1. For residue 272 and residue 405, compute 0.36 nm times the residue count separating them, minus their Cα-Cα distance, and round to one decimal in nm.
2. Starting from the 7 Å offset along Cα-to-Cβ, what nm value, one decimal, do you get for the label separation of residue 366 and residue 112?
3. Would you mind giving the average projected area, over all directions, of the Cα convex hull of segment 269-406 in nm² with one decimal?
4. Going by amide H atoms built from the backbone, whose H comes under 5 Å of the H on residue 348, apart from near neighbours?
5. Using the alpha-carbon atoms, what tilt in degrees (0 to 90, nearest 10) does helix 2-13 show relative to the longest principal axis of the chain?
6. Apply the Karplus curve 6.51 cos²θ - 1.76 cosθ + 1.60, θ = phi - 60°, to the phi angles in segment 335-340 and return the couplings in whole Hz, x for Gly and Pro.
7. Of all the C-alpha pairs in segment 100-193, what % are more than 23 Å from each other?
8. Give me the distance in nm between label points sitting 7 Å out from Cα along the Cα-to-Cβ direction at residue 397 and residue 86, one decimal.
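Just so it is clear, none of the values below were taken in a lab; they were calculated from the coordinates. The structure displayed is predicted, hence computed values, not measured ones. Cβ coordinates were reconstructed from backbone atoms using ideal geometry, including for glycine residues, and neighbour counts include every protein chain displayed.
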Amino acid sequence: MKTMLFFLSFLFLNMNFSNAQPHWVQTTGTPIINSWVRYISIDNKRNLFANPANYAYKSSDRGDSWLLLKNLKLSYGDYSRFFCTKSGICLAALDSGLLLSSDEGNLWEKADISDNIFSFAESSLGRIYLGGINNLYYSVDYGKNWSIIPTGSNDYITSIDILNEKYILIGTRVASLIFLSSDTGKTFHRLSISQPEGNYSQVIFTRNAGIMVNLSDAQGDGRTMLSNDTGKTFYEISEVNFPSDFLKSDKKGNIYIGSQWGLFRTTNEGKSWENISDGLPPNNYITDICFGNNNDAYISSRYGVYRCEQITNVDEYDGKGFNEITIFPNPSNKFIIVQFSVTVPDFYLIQIYDLFGNILFKNDNEYLPEGIYKKEIDLVNASQGLYFCRISSKKEIRRKLLSIVK
């Protein structure tokens, strides 16, 4: 009986109820259409920034028309890397330096950084990080002032990700080395991962604090690897063993990777991947992705910019106060850890109750600022069976099924 309940619970908890695949439509604005676009970003006013070679453009109508940013002077062969923060600050990294705009890209001013910038990241509290040559930079005042964090990488920093304001993960270019800091950048240590003689590496934290990396070599080969023990050991993910220019996550924590073979997504920490390239032409190398605040998404590619009106199902993410609830272990026999990400500060209530509505656990209605939260809940006295975890605010309610197996 115990084995049967565990098996049925596992099947039910891991069923995929989504029924709509994302569909991509090419934006028709000239001159972006059918141009090779390397990077794309979106600000909090839904302005898009994209860059075919030697030029930088802005769109305020979701890509239907594009305005040339004449005050961004690009040299021949130069690509501007754009990054827009949650606060509305936009950054453009050029070969000539770093520029910032606080007025939706109309005026740009030079930042006090003399390094070439290759990567960006933003923490949940709004701290901005930049990856240069050898050094990591950060700003706590929206880019007005910058501090240097030595990493010991001696290489181009091509990718950055931040977890819980404390953990900093960086990937490098020439040697494809991966470094991790667990003390907000005071010290970094190199992760023990076998890397190719290569070009660059992309890094990202998963929802459950795993580490995912994509390594690319000089011969055009690549592989994607995952660690669930803070980088001590890695294993290959065979479904997405190809080179990629990015590893990025949406507001729900789903991870995306793109290549000339299409766009792929995992919703379960890399256990399985789905090809979400509907509407994209074959051999359309996908170079970057960004996510709007209305469940929309945009990709840059060999053939221009493509738009998706609904990147996740509405029942999975509705763009309000907090993202999907993650519970682990699930099934469990003693305790669970409930994790969720708050995007709108509010009072949040966590409850665990059975199928008849009987409450087993209830916390105080607690005010939570923006950030990622974990709550350990003791269920050692709970009977075997199925339960619901319910998190609610003034504007929103989410539920997640969990199983207790004794």
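1. Numbers: separation 133, 0.36 × 133 = 47.88 nm, distance 2.49 nm.
Residue separation times 0.36 nm, minus the Cα-Cα distance, leaves 45.4 nm.
2. Those two pseudo-labels are separated by 3.9 nm.
3. Reported value for the Cα convex hull: 10.1 nm².
4. Amide H neighbours of residue 348, under 5 Å, 5+ apart: 366, 367, 368.
5. 30 degrees
6. My calculation for segment 335-340 gives 9, 10, 10, 9, 10, 7 Hz in order.
7. The calculated P(r) of segment 100-193 puts 22 percent of pairs beyond 23 Å.
8. Reported label-point gap for residue 397 and residue 86 is 2.6 nm.
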